[in-house]
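The values are calculated or read from the model by the stated rules, or taken from the named source; none is laboratory data. For clarity, every value in this text was computed on a predicted model and none was experimentally measured. Cβ: placed from backbone, ideal geometry, glycine included. Neighbour counts: every protein chain shown.
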Amino acid sequence: MNSFWDKIKNSNVVKVATAYGVVCWILLQVQDAVLPTIGAPIWVAQIILFIILIGFPIAVLIAWASEINTNSPSLHTKDSLHTSNKGRQRNYTYIGILSFIIIALFAFYSSPFIFDYEPKRSYSNNTAQDSSNIAKISYNFDLNLKQSSPNEWGLLTEIAISNNGRYVAFTINNDSSSDIFLRDLSAADTLIHLTNYSWGTDVHGVLEFTEDDEWVSYFDSGILMKVRITGGSPQTILETNLGRTSGYDVKENKVLYTGPGDLLWTKDFKSGEESMVYDFDKLPGRVYRWPEYLPDNINIIVSSSSLVAANDDSDILIYNSQSGDYKTLISNAYNARYISSTGKIIFVRDSSLWSVNFDENKLITSGEEKQHIQNIQTNGILGSAAYSVSNNGRLIYLKGSDVAVASSNLTMKVLSVNGEILETLPMEGRFGQVSFSPNGDYLSYTNYDGPNADVWVYDFNNNISGRRTFNGKSNRSRWHPDGKKLIYANNFTIGNASVAADQNPDSVITSSIRIVSSDGAGINQEIYSDDSKFRNYLLQSVSPNGKEIFFSTSSATGTGVNNEIYSLSFADEKYTDPKTKELVLSPLANQTWWSKASLSNDSKWLTYVSNESGVNQIYIRPYPKINEGKWQVSSAEGYSPIWDRDKNEIYFHTGEKFYKVKYDIIQTPNGEFFNLNQPEYLFDQNIVFNHLTFPAWDYDQNNKRFVVISAPETELSDIYGNSLDIYNKEITLTIVENWFSVL
């Protein structure tokens with residue numbers, strides 16, 4: 001037995017196989033380190049692996065043949081020599097045939113996976129399929145992924161399928177961040193972690209594959225990034241920090257996206273120039289999202305919704321980027337894609353996937369709009385839908401319903417400083433942007449009704465709410481320090497979005513800051529407006545003396561993305577002689593609507609939020625000399641800071657975790673300085689935090705209590721069509737093969 005194993009260990013076959021394995025292992029390590037660094041495409045690595053795998057059986061066979069010939073006995077006669085040569089030739093012939101068979105079989109079974117093989121389509125664009133034939137061609141199966149929980153918009157995951165149908169990218173949500181994974185459908189249980197991104201703002205995720213299928217693009221705190229499907233360091237596609245959750249269209253030489261002013265912009269990769277799509281600012285003042293170039297790279301299909309955004313107020317437009325002409329293609333729809341091989345536009349309506357015939361030459365739709373798949377997870381307010389289609393007809397989607405419906409029935413919870421739920425306020429509908437009155441007896445908030453928004457006030461003593469504005473375009477109210485007045489933003493659109501701009505030249509946005517009596521019976525007047533300078537106003541706070549207002553804004557020309565913070569001061573309480581001053585608090589950040597800039601009780605310190613470090617952090621600066629100091633309050637991430645007027649404490653939250661930070665102000669010969677303690681954990685509480693609810697919490701200085709906007713736990717089953725056990729289940733995607741045959 002021992003001699004047998006000695007022969008095996010000393011044989012040429014074992015030696016060659018061992019040496020081949022060692023060399024190949026070293027080669028694979030070098031390849032893994034070098035190829036991503038030099039940016040080599042994935043097919044290079046695939047070809048190297050293919051050669052290595054094919055070479056192994058050939059090397060072993062050659063070693064085996066060599067050993068046979070070496071061990072053959074010496075033959076001295078002519079006949080025996082002739083016999084030996086014939087035997088050697090037979091061995092080589094057998095080895096050659098066997099090697100050819102092995103290579104052929106390996107190539108036959110492996111080529112569809114190693115090379116991006118696409119199966120032949122089993123449909124004809126011009127041939128109608130009856131229902132029985134469709135049932136045979138198109139079929140579904142489920143793909144189980146990993147566990148996840150909803151993000152702040154209620155979306156369980158975001159998905160994308162590669163153009164060749166081989167890869168599925170999806171997200172797993174954490175607390176204030178998400179991970180992107182890649183699943184290779186051609187290989188069982190192949191799962192790759194690509195990267196992680198921070199939510200930062202409510203602009204994050206939105207996965208797409210690039211045209212060559214070598215990258216996955218996504219938003220990271222409003223910045224458009226991309227990462228290779230093999231992993232590695234992410235790269236920046238677009239440095240502009242975007243302010244709306246939206247789709248985009250990345251081409252080889254440019255990217256189309258929703259940019260400044262909620263209008264469509266492009267970036268040329270060669271020149272680096274960013275510019276608004278031709279004459280796009282002449283459209284009615286609405287939000288334009290989920291754009292896509294048609295094959296001519298001139299005309300664009302895009303979703304158009306109201307400024308407030310509502311799931312029942314969105315249309316699909318077609319826009320000519322050279323002439324500025326546009327028209328409505330599909331009403332009450334969003335998130336459209338054109339499938340050129342089928343001559344169809346697919347779109348979403350009522351959490352269902354629809355299609356309609358489209359002539360890309362005449363740029364018109366025809367025939368009946370058809371519903372294909374019901375119960376897809378969507379967010380109609382964002383225009384987001386969890387579906388994706390490959391070029392060869394493989395469809396993936398996540399079952400569910402419209403999570404925006406759930407956000408239309410939020411809850412307003414009143415909590416103690418320890419997180420105990422004291423009461424749930426009797427409010428219904430969709431609301432946000434809460435603010436306690438100075439004495440804590442009242443709470444102002446924005447109430448949404450479809451595309452409209454108005455300021456309401458809740459009376460804690462009488463348990464009743466009352467409306468304070470009536471034009472449908474008012475929001476983000478803040479209390480005047482006297483507790484008798486409310487200051488709010490009024491962003492009003494004149495005109496009809498369904499009417500072309502040349503037929504409706506008065507379709508513009510008029511923005512103003514107004515003041516109204518908190519009881520609804522007194523004044524309601526404009527205190528500031530400058531349409532030539534500002535597009536709209538996002539109120540942040542009112543100073544303790546009531547003579548200064550902080551707001552974020554974008555410019556009237558559409559060249560800013562809510563990236564400027566201004567102070568608005570008045571000469572007296574009659575709001576005469578208004579003056580604005582830009583506060584450069586975050587020079588490295590292009591998006592500041594969530595900064596919540598506010599003054600301390602003595603008006604000497606200004607706190608705000610900035611993502612200049614890559615994640616949202618809370619900072620403090622002296623005021624008004626903001627450049628004479630800067631201190632970071634939060635340690636991990638921080639949102640919506642609130643000053644305690646009676647104690648040296650600042651409250652903030654990170655996702656669903658709430659904290660406080662104690663501080664001291666130290667006097668020195670060179671001035672005053674902040675001494676900040678470590679953040680102290682207070683409690684956990686679900687909070688619905690996005691641009692419609694922000695700020696989604698506030699602190700009652702008088703009664704020492706918080707109010708937090710939350711999603712009711714009893715409705716989580718209704719949001720996704722499942723029970724609460726969904727948090728303990730894997731994400732299950734439905735995959736439809738040959739879906740184009742249905743179209």
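Output the residues belonging to segment 164-180 that are more than 25 Å from Q617 (Cβ to Cβ) and either charged (D, E, K, R) or surrounded by 19 or more Cβ atoms within 10 Å (Cβ to Cβ) (or both).
Matches in segment 164-180: G165, R166, Y167, V168, A169, F170.
With at pLDDT below 65, part of a helix (DSSP H, G or I), more than 17 Å from S388 (Cβ to Cβ) and not assigned by TED's automatic domain parsing to the domain that holds A636 as the only criterion, which of S124, S99 stands out?
S99
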Over 28 Å from T328 (Cα atoms), of a type in the set (D, E, K, R), in a strand (DSSP E or B) and in the same structural domain as S331 (by TED's automatic domain parsing): does that describe K226? yes
From the list N332, N299, which one is polar (S, T, N, Q), over 26 Å from V216 (Cβ atoms) and free of Cβ contacts under 8 Å to residues at least 60 places away in the same chain? N332
Please verify whether N332 is surrounded by fewer than 17 Cβ atoms within 10 Å (Cβ to Cβ), touching an Asp or Glu at 6+ places or on another chain (Cβ under 9 Å) and at pLDDT below 95, treating the condition exactly as stated. yes
Filter segment 610-626 down to the residues that are modelled with pLDDT of 90 or more and in contact with a strand residue (DSSP E or B) (Cβ under 9 Å, 6 or more places away or on another chain), then identify the one that is farthest from F673 (Cα to Cα). I618
Test D202 against the criterion of being in a loop (DSSP other than H, G, I, E, B), charged (D, E, K, R) and either out of contact with any Lys or Arg (no Cβ under 7 Å at 6 or more places or on another chain) or within 16 Å of D249 (Cα to Cα) (or both), and give yes or no. yes
Of all strands (runs of 3 or more DSSP E) fully inside segment 272-344, the set with 1 or more residues that are under 22 Å from N379 (Cβ atoms) is 287-293, 299-305, 314-320, 326-330, 334-339
Residue check, E360 of a type outside the set (A, V, I, L, M) and farther than 30 Å from Y248 by Cβ: no
Segment 410-444, residues that are assigned to a loop (DSSP other than H, G, I, E, B) and more than 21 Å from V455 (Cβ to Cβ): V417, N418, G419, E420
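Condition check: over 25 Å from P481 (Cβ atoms), in a loop (DSSP other than H, G, I, E, B), of a type outside the set (A, V, I, L, M, F, W, C) and in the same structural domain as V542 (by TED's automatic domain parsing). Does S634 satisfy that?
Yes: the conditions hold for S634.
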When (1) among the polar types (S, T, N, Q); (2) at pLDDT below 70; (3) outside any strand (DSSP E or B); (4) over 30 Å from G638 (Cα atoms) are applied to S186, the one that fails is (2)
Tell me yes or no: at least one residue of segment 274-295 is modelled with pLDDT under 95, at positive phi and over 23 Å from the mean Cα position of the chain (by Cα). yes
Being in a strand (DSSP E or B), farther than 30 Å from L155 by Cα and not small (G, A, S) narrows it down to one of I642, I709, I650, so name that one. I650
Residue list for segment 192-214, restricted to those being of a type in the set (F, W, Y) and surrounded by fewer than 23 Cβ atoms within 10 Å (Cβ to Cβ): Y197
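Is it true that T446 is crowded, with 22+ Cβ neighbours inside 10 Å, over 20 Å from K596 (Cα atoms) and out of contact with any Leu (no Cβ under 6 Å at 6 or more places or on another chain)? Let's see the steps before the verdict.
Working: crowded, with 22+ Cβ neighbours inside 10 Å: yes; over 20 Å from K596 (Cα atoms): no; out of contact with any Leu (no Cβ under 6 Å at 6 or more places or on another chain): yes.
It is false that T446 is crowded, with 22+ Cβ neighbours inside 10 Å, over 20 Å from K596 (Cα atoms) and out of contact with any Leu (no Cβ under 6 Å at 6 or more places or on another chain).
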Of the residues in segment 533-554 that are under 16 Å from R244 (Cα atoms) and of a type in the set (G, A, S), the one that is modelled with the lowest pLDDT is S554
Got at least one residue in segment 600-607 being assigned to a strand (DSSP E or B), under 25 Å from E239 (Cα atoms), assigned by TED's automatic domain parsing to the domain that holds Q701 and modelled with pLDDT of 90 or more? no
Just one of (1) hydroxyl-bearing (S, T, Y); (2) farther than 18 Å from V633 by Cα; (3) surrounded by fewer than 18 Cβ atoms within 10 Å (Cβ to Cβ) trips up Y681, so point out which. (2)
